[in-house]
Amino acid sequence: MEKARRLWVRLAWAYGLLLAFGVFFVGPFAMGFLASLKANPLEWPFSFRFAQVSPKNWVAAWRLGLEGGGNPWLGGMVPGREVVLEVAYFSPEGQEPTLLAQISRRKPGAGMGAVFETPYAADHVRLEGPVRVEARPAQLGDREGMVYRYRLRLFYPGEGPVLERVPLDLEVPRGVVLVGASLDPTRLERRGRVASWDNVVPGLLGYVFHNYLRAFRETRSLETGESLFLRWTLNSFFLAALKVLTTLIFASMAGYALARMRFPGKHALFLFMLFSMMVPAQVTFISNYLVLKDGIFGLSRLFGVETLLNTYTGLVLSGLVGAGAVFLMKQFFESIPREVEEAALIDGATPLGILFRIVLPMSTPALGALAILTFQGTWNEFFWPLVVLTSPREIYTLPLGLLSFRNAYGQVGDWGLILAGGFLSMIPVLVLFALFQRYFVEGPSLGAVKE
Amino acid sequence: MKRWLLLALTALGLAMAQTQVRISGWGGPDTAVVSGLLKEVVQRQLDRENIRVVYEPIEGDYTQWLFNALSAGTAPDLFYVDIFWAESLFATGRVAPLDAYFSREEVQAFLPNLVQAFTYRGRLYGIPKDFNTLALIYNKDLFDEAQVPYPHQQDTWDSLEGKLRQVQTRLKDVAGLCLVADFARFGAFAFATGWKPFDAQGHTVLDQNFRRAFEWYTGLVRRGAARFAQDLGEGWTGGCFGGEKAAVAIEGAWIAGFLRDKAPNLRYGTTFLPLDPMTKRRGNFVFTVSWSLNAASKNKEAAARVLKALTSPQAQQWVLERGLAIPSRKALAQNPYFQRPTKEAELNRVVFLGSTAQGGNVYPFSFRGLGGDWMRPINEALAAVITGQKSVDQALREAQAALDRLTGRR
């Protein structure tokens, strides 16, 4: 009896802790993700039932995207296509409401989207209808009335550009209620009188992940028109990959030298390295900044570069390898039995040969852990790139891009886009952790020593 | 021989060719405006003079960045200066006076209120690039539904309050105004009474006029004409307005971009802030930003040319037509854009006129070198009274004591 009670108590503790972890760590991510899908991410109280999670809308968005632009995923509208949308309204007096429909000329209010002139759907797409297709008596709550169903046909005749989105507004008199639509509207405005669609040909991804799509579509370079968000992501990948590579090479070489070789001043060097780990970056950044500003004491002028600010060369040179990485590798190499190397030494291998052909292949767990930590560190690095990279916007890394997102869109309360950007920036690190997690589980001591 | 000479001249020409002028401002929405402006207007004008503009928008804390860059000697040739901290920057001598580069006529083409805001000890330190004032923006649907006439420019505090109270009583789920405890909004009402932030000795005195505005403003919630913004889950009056939680908002033209995304179909109108029933005047703030010249710049002549191009009539027209900001030239008052029958044009027109005589007692949003420290006691007093934690007497007494310490009175 006592045993069973203890078991239950233990289980309760375990599940309670898991639940607490779930709520504190996974909860915010899940809520953030859900909010990033919503048209109004600040909706309060938070509801779990909104248009973007309803399968009915997924099907409709897929169909409309396919009909409008032949692209069920990303939607859009091309010449010669037509789409049909149905809406149903409840009218309390049983009197048929007047329904005003129009394709509005809508422009983003913030960010680069506010400056770019994109083709307006209103100039190209013709709207036919609304045509009444059904009228039947119905009850809404305790009110008696009629439900009217209308069909709207959007037709894109002749020649013209590919339209990324076709907005639509439907206005009814006060008191008439929208009770159904093939695709739920993005928002209801003017106290329910206006149902407004940001895009009636969204495609599945365009509907569910519209904020994500906007992140790519709306932030474009004014010079070239290319997507800045994509560019920032690629920049971050490039920098992270480069830094992983240099860190792995230099940290293992330096770590090996410190762990195994004998040379004068080795201990002093090691102590100095430890010391450099303890100085916060905020202390040295001004001197580092000035060194980069002058192109490393004017050295860069030999290559015709006036300053290393606003260049990747500057950013990479100032962070080729961290002392922490060298320290990690040194500790790991010290755990490898010397006998392995001595055998190679007897066979006539050089120190470099030993490092690259014997020690490093045995060090995959440490290298894996180092790679993933470096990648994550570089990917998320914010302060130093913020100082070094100011212009043009094309050279930003993703965290800087997200900051400019926050400045541009946060000011107008457009948090969906910012959440979406933040979420996208998190994915690579998550993927990396999923792929490399076994190196963490195995730990640095395994792998090298097999008894 | 001739060919060599030609080649040499070409090489020399190329070497001398381009003067680079670096300009900076904050990032965010301004990046789009300035990049567009440079690409479509400014650079074209400057190409003939072989000046190349390099634009570096700053994301993050711009003020801090600018002060650091000016001390490190890496600051650009031209940069934004916000009226809020302009005086403390001009006092450092790091900004070059512009009197040598701009003739009297050129300066007079800008709105005098704005020019005055960037004049320090008789010298001009910045050309206002654009500005904003406050206006009263109202939701036509809500007033129609409550069957209350729209606010208009003859409204006094009392008549406006009456309208707001009626909307709030009749619609139940809507506030008249959502009230914020912020001098950036309340101050306009205090100015209407004739009260000034600083007297001749540089002291702040919260006199009877101030008290009258304070009592009216903080009492709006109690009298059923407004709700406290925090109680509605919003931080600014525009947020309440966009979500149709409040019938009016007191904001500047920046609200247009917000509403374009948040509520594209909202039917709104704009009018001036209400008049003080006693003085029959209104008050307003000017929020403005200038382009200023770095005193350590190596090519001031070229930078001054860029400055002129950035604030030229063509440049301002471009900005105005995109509805991105309100430019600072006097002549734009007659601009056809303001007469367009759209809600955004009306908003921009009222905001533009808010800085002129129609705006009443208009003061720049700047408090000597004290900045935000000066506003803090007043904001705290506003919050304490609106939430019912302190009486008006107590709150004003404490605010006065804090301001006395700050301005060295007594």
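The values are calculated or read from the model by the stated rules, or taken from the named source; none is laboratory data. Since this is a predicted model, take the numbers as computed values, not measurements. Note that we place each Cβ from the backbone using ideal geometry, even for glycine, and neighbour counts take in every protein chain shown. For the accessible areas, the whole protein counts, side chains as well, though only heavy atoms, and no ligand, DNA or RNA atoms are used. Shrake-Rupley method; radii C 1.70, N 1.55, O 1.52, S 1.80 Å.
Each residue in segment B:78-105 was checked for being in a helix (DSSP H, G or I) and crowded, with 17+ Cβ neighbours inside 10 Å, and 4 of them qualify.
So is residue A:80 open to solvent by less than 90 Å² (accessible area, probe 1.4 Å) and either modelled with pLDDT under 90 or within 28 Å of residue B:261 (Cα to Cα) (or both) or not? Against the criterion (open to solvent by less than 90 Å² (accessible area, probe 1.4 Å) and either modelled with pLDDT under 90 or within 28 Å of residue B:261 (Cα to Cα) (or both)), residue A:80 does not qualify. Elements of the type helices (runs of 4 or more DSSP H) sitting completely within segment B:290-354 and holding at least 2 residues that are open to solvent by less than 10 Å² (accessible area, probe 1.4 Å): these cover B:300-310, B:313-321, B:343-353. Looking at B:21, B:41, just one residue is more than 9 Å from chain A (Cβ to nearest Cβ), modelled with pLDDT of 90 or more, under 18 Å from residue B:292 (Cα atoms) and outside any loop (DSSP other than H, G, I, E, B), and that residue is B:21.
Every condition in (1) touching a residue at least 40 places away in the same chain (Cβ under 8 Å); (2) in a helix (DSSP H, G or I) holds for residue B:176 except the one numbered (2). Filter segment B:65-77 down to the residues that are away from chain A (no Cβ under 11 Å) and not aliphatic (A, V, I, L, M), then identify the one that is most open to solvent (accessible area, probe 1.4 Å). Step by step, filter segment B:65-77, then rank; the result is B:67. Applying the set (1) more than 14 Å from chain A (Cβ to nearest Cβ); (2) free of Cβ contacts under 8 Å to residues at least 12 places away in the same chain; (3) within 27 Å of residue B:238 (Cβ to Cβ); (4) not β-branched (Val, Ile, Thr) to residue B:334 leaves exactly one unmet item: (3). Candidates in segment B:249-287 are the residues that are in a loop (DSSP other than H, G, I, E, B) and polar (S, T, N, Q); of these, the one that is surrounded by the most Cβ atoms within 10 Å (Cβ to Cβ) is B:265. The condition of being open to solvent by 50 Å² or more (accessible area, probe 1.4 Å) and among the acidic types (Asp, Glu) holds for only one of B:56, B:40, that being B:40. Number of residues in segment A:272-317 that are more than 14 Å from chain B (Cβ to nearest Cβ) and assigned to a helix (DSSP H, G or I) equals 20.
Taking strands (runs of 3 or more DSSP E) as the structural unit, those lying wholly within segment A:86-170 and holding at least 2 residues that are more than 14 Å from chain B (Cβ to nearest Cβ) correspond to A:126-140, A:143-155. Taken residue by residue, segment A:405-419 has at least one member that is more than 14 Å from chain B (Cβ to nearest Cβ), modelled with pLDDT of 85 or more and either outside any helix (DSSP H, G or I) or open to solvent by less than 80 Å² (accessible area, probe 1.4 Å) (or both). Among the conditions (1) of a type outside the set (Ser, Thr, Tyr); (2) within 10 Å of chain B (Cβ to nearest Cβ); (3) surrounded by fewer than 21 Cβ atoms within 10 Å (Cβ to Cβ), the only one that residue A:177 does not satisfy is (2).
Selection within segment A:374-398: residues that are crowded, with 21+ Cβ neighbours inside 10 Å and within 11 Å of another protein chain (Cβ to nearest Cβ). The member of this set that is nearest to residue B:58 (Cα to Cα) is A:390.
The set of residues from segment B:182-205 being open to solvent by less than 30 Å² (accessible area, probe 1.4 Å) and farther than 18 Å from residue B:362 by Cβ comprises B:202, B:204.
Picking from residues in segment B:47-64 that are farther than 14 Å from residue A:407 by Cα and among the aliphatic types (A, V, I, L, M), the one that is farthest from the other protein chains (Cβ to nearest Cβ) is B:51. Residues that are facing chain A (nearest Cβ under 9 Å), open to solvent by 20 Å² or more (accessible area, probe 1.4 Å) and closer than 20 Å to residue B:181 by Cβ within segment B:237-248 comprise just one, B:243.
Among residues of segment A:341-360 that are in a helix (DSSP H, G or I), those with a Cβ under 9 angstrom from a residue that is among the basic types (Lys, Arg), sequence gap 6+ or separate chain, pair up as A:341/A:260; A:344/A:357; A:351/A:260; A:354/A:260; A:355/A:260; A:359/A:260.
Note on segment B:150-173: residues that are part of a loop (DSSP other than H, G, I, E, B), of a type outside the set (S, T, N, Q) and either closer than 25 Å to residue B:365 by Cβ or in contact with a helix residue (DSSP H, G or I) (Cβ under 7 Å, 6 or more places away or on another chain) (or both) amount to 3.
Filtered by the rule that a residue be under 21 Å from residue A:156 (Cβ atoms), open to solvent by 10 Å² or more (accessible area, probe 1.4 Å) and part of a loop (DSSP other than H, G, I, E, B), segment A:186-204 gives A:186, A:198, A:199. There is no residue in segment B:223-232 that is open to solvent by less than 10 Å² (accessible area, probe 1.4 Å), of a type outside the set (Ser, Thr, Tyr) and within 13 Å of chain A (Cβ to nearest Cβ).
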